[in-house]
Amino acid sequence: MSPLPPVLTIDGPSGAGKGTVSRIVAHRLGWHYLDSGALYRAVGVAASWADIDTSDASALVRCTFDTRIRFVERGESLRVLVNDTDATDELRLETTGALASAIAAIPEVRAALKERQRAFRMAPGLVADGRDMGTVIFPDAPFKVFLTASAEERAHRRHKQLKEKGVSVNFDDLLREIMARDARDAQRAVAPLRPADDAVLIDTSGIGIDDVVAKVLGLLPSPEA
Ligand code: C5P
């Protein structure tokens, strides 16, 4: 039996830089990329399109099984199609993040997405970005990273990003939302946000993306080795 392709898991709270770092690292390595948060967000969007209430767990579980989610490369950008509709922009909204976080606390929703996530493990390798990649989805991954940054730093980054997009949000509201989401993700009964025992912790506060990428790539054997 051929060995399973390698996986590099990159977990951490929202705004720690996981998405950017994971995409760059995957590109440098020529590996596949899994944005697991996008799957939870996609279910959230599909549920809101279908007017499903976040308190209706059984309808949300059914929705998770029924929702078609596809990642499609269009030029430089990766688009996410939810039931064949491009939902990429809606996926990035703060309201969708909050919805995803509420849905992600339902154990059956997590179970329903497990195999879909594992299916991304393909040669030559996978960079998997999320909250429980190293603890639950790919516990056998040979390379695991946990990225952190203070809540203030993460709120500043998000504030700057939104401002650049012309979206005006109140910094204090953003900070409160980030802290509330962290607390929900860390305190939920299933797959709470925590580093895997064998993950390497990297605090990205005050460090530029290039340095974080270099640190992460430094964990993997060099191609010549
Ligand atoms: O990473 P992102 O902000 O897109 O994730 C949205 C939400 O989905 C998170 O706040 C978290 O509640 C949930 N999530 C999760 N497990 C993952 C990825 C995301 O519970 N592996």
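Of a type in the set (V, I, T) and either open to solvent by 10 Å² or more (accessible area, probe 1.4 Å) or over 22 Å from R23 (Cα atoms) (or both) - does that describe any residue in segment 130-145? Yes: one or more hits. In segment 83-91 there is at least one residue matching the filter, namely being over 18 Å from I10 (Cα atoms), touching a residue at least 24 places away in the same chain (Cβ under 8 Å), open to solvent by 20 Å² or more (accessible area, probe 1.4 Å) and within 13 Å of the ligand (Cβ to nearest atom).
Screening the candidates R121, R131 for the property of being within 13 Å of the ligand (Cβ to nearest atom), touching a residue at least 12 places away in the same chain (Cβ under 8 Å), under 18 Å from I10 (Cα atoms) and not small (G, A, S) yields one hit, R131. Every condition in (1) of a type outside the set (K, R); (2) surrounded by fewer than 18 Cβ atoms within 10 Å (Cβ to Cβ); (3) within 8 Å of the ligand (Cβ to nearest atom) is met by E115 except one, and the failing one is (3).
Taken over segment 49-74, the residue count meeting the criterion of being assigned to a loop (DSSP other than H, G, I, E, B), over 14 Å from V109 (Cα atoms) and open to solvent by 70 Å² or more (accessible area, probe 1.4 Å) is 3. If you go through segment 125-156 and keep only what is under 18 Å from T204 (Cα atoms), polar (S, T, N, Q) and not in a loop (DSSP other than H, G, I, E, B), you end up with just T148. Residues in segment 152-173 that are surrounded by fewer than 20 Cβ atoms within 10 Å (Cβ to Cβ) and of a type in the set (A, V, I, L, M, F, W, C): L162, V167, V169, F171. Checked against (1) modelled with pLDDT under 95; (2) among the basic types (K, R); (3) near the ligand (Cβ under 10 Å from one of its atoms); (4) farther than 22 Å from T204 by Cα, R74 passes all but condition (3). Just one of (1) surrounded by 13 or more Cβ atoms within 10 Å (Cβ to Cβ); (2) within 16 Å of the ligand (Cβ to nearest atom); (3) modelled with pLDDT of 95 or more trips up V216, so point out which. For V216, the exception is condition (2). Counting only residues that are touching a Phe, Trp or Tyr at 6+ places or on another chain (Cβ under 7 Å) and closer than 27 Å to P192 by Cβ, segment 66-108 holds 4 of them. It is to be established whether one or more residues within segment 29-46 are farther than 17 Å from D89 by Cα, in contact (Cβ under 8 Å) with a residue 60 or more places away in the chain and either β-branched (V, I, T) or out of contact with any Leu (no Cβ under 8 Å at 6 or more places or on another chain) (or both). Yes; the residues of segment 29-46 include at least one that is farther than 17 Å from D89 by Cα, in contact (Cβ under 8 Å) with a residue 60 or more places away in the chain and either β-branched (V, I, T) or out of contact with any Leu (no Cβ under 8 Å at 6 or more places or on another chain) (or both). Among the residues of segment 193-204, those that are part of a loop (DSSP other than H, G, I, E, B) and open to solvent by 40 Å² or more (accessible area, probe 1.4 Å) comprise R194, P195, D197, D198. When G44, G37, G19 are screened for being modelled with pLDDT under 95 and within 12 Å of the ligand (Cβ to nearest atom), only G19 passes. Beta carbons closer than 6 Å, at least 6 apart along the sequence or on distinct chains, pair a first residue in segment 134-160 that is basic (K, R) with a second that is open to solvent by less than 30 Å² (accessible area, probe 1.4 Å) for K144/T9; K144/G134; K144/A196; K144/A199; R154/I178; R158/L174.
Only a single criterion out of (1) open to solvent by 20 Å² or more (accessible area, probe 1.4 Å); (2) within 16 Å of the ligand (Cβ to nearest atom); (3) not charged (D, E, K, R) is not satisfied by G30, namely (2).
So, in segment 94-120, exactly how many residues are in a loop (DSSP other than H, G, I, E, B) and touching a helix residue (DSSP H, G or I) at 6+ places or on another chain (Cβ under 9 Å)?
Counting residues in segment 94-120 that are in a loop (DSSP other than H, G, I, E, B) and touching a helix residue (DSSP H, G or I) at 6+ places or on another chain (Cβ under 9 Å) gives 4.
The values are calculated or read from the model by the stated rules, or taken from the named source; none is laboratory data. Please read these numbers as outputs of a predicted model, since none were measured by experiment. Reconstructed Cβ throughout: ideal geometry from the backbone, glycine too, with neighbour counts over all protein chains shown. We work out accessible area using only protein heavy atoms, side chains counted, and drop any ligands, DNA or RNA first. Shrake-Rupley method; radii C 1.70, N 1.55, O 1.52, S 1.80 Å.
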